[in-house]
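These notes concern the structure reproduced below.
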Amino acid sequence: MALQLSSPAFKMGETIPKVYTCDGEDRSVPLTWTEPPAGTRSFALIADDPDAPMGTWVHWVLYNIPASTRTLPEGLSAAATLPDGSLHGKNSWKRLGYGGPCPPRGTHRYSFKLYALDTLLTLQAGATKEELMQAMAGHILAQAELMGVYKR
């Protein structure tokens, strides 16, 4: 069975609740996923907005999530290194951690992509989406996506 990503906060294609946006408390979205393929050593997560006027806007970069993990709680700390060893990368605001939907106009799509990897990455905390994508190349065993929308 394919890797599947979901959230108790919204379903695929639905509106992301305000509490997870810049108009609310800007808490990170809670996420859950199914069993990964055999050989998974870690997970990586990228959340971005492909509808941003200046090109894709990155909202969240998290990697080296332990292979035993199946959930990320709401309101995850923005610390560079989390207690389980997960590392935050930089979002498009040049900050670590989650930055919620905050579209300047119109309805935007927000894509949460989870990658099952066959390795632990050697990146330090603070890597960009581009650096993460480069480090993951050749190591992705499976991926899953959850998309939500938001309009201010």
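Structure notes:
- Candidates T40, T81 - the one that is within 21 Å of A116 (Cα to Cα) and either acidic (D, E) or exposed (fewer than 15 other Cβ atoms within 10 Å of the Cβ) (or both): T81
- Taken over the range 104-133, residues that are assigned to a helix (DSSP H, G or I) and either surrounded by fewer than 17 Cβ atoms within 10 Å (Cβ to Cβ) or aromatic (F, W, Y) (or both) amount to 2.
- Taken over the range 134-152, the criterion of being assigned to a strand (DSSP E or B) and either among the charged types (D, E, K, R) or within 15 Å of A47 (Cβ to Cβ) (or both) is satisfied by Q143, A144, E145, L146, M147, G148, V149, Y150, K151.
- Each residue in the range 55-73 was checked for being free of Cβ contacts under 8 Å to residues at least 24 places away in the same chain, assigned to a loop (DSSP other than H, G, I, E, B) and over 17 Å from K151 (Cα atoms), and 2 of them qualify.
- Options G99, G39; residue that is part of a loop (DSSP other than H, G, I, E, B), under 14 Å from the mean Cα position of the chain (by Cα), at pLDDT 95 or above and farther than 19 Å from Q124 by Cβ: G99
Each row is one residue, and each column tells you yes or no for (1) closer than 14 Å to G148 by Cβ; (2) of a type in the set (D, E, K, R).
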site: F10; (1), (2): yes, no
site: T15; (1), (2): yes, no
site: E25; (1), (2): no, yes
site: P37; (1), (2): no, no
site: I46; (1), (2): no, no
site: A52; (1), (2): no, no
site: N91; (1), (2): no, no
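The values are calculated or read from the model by the stated rules, or taken from the named source; none is laboratory data. Because the structure is predicted, anything quoted here is derived from the model rather than measured. Counting neighbours? That spans all protein chains shown, and the Cβs are built from the backbone with ideal geometry, glycine included.
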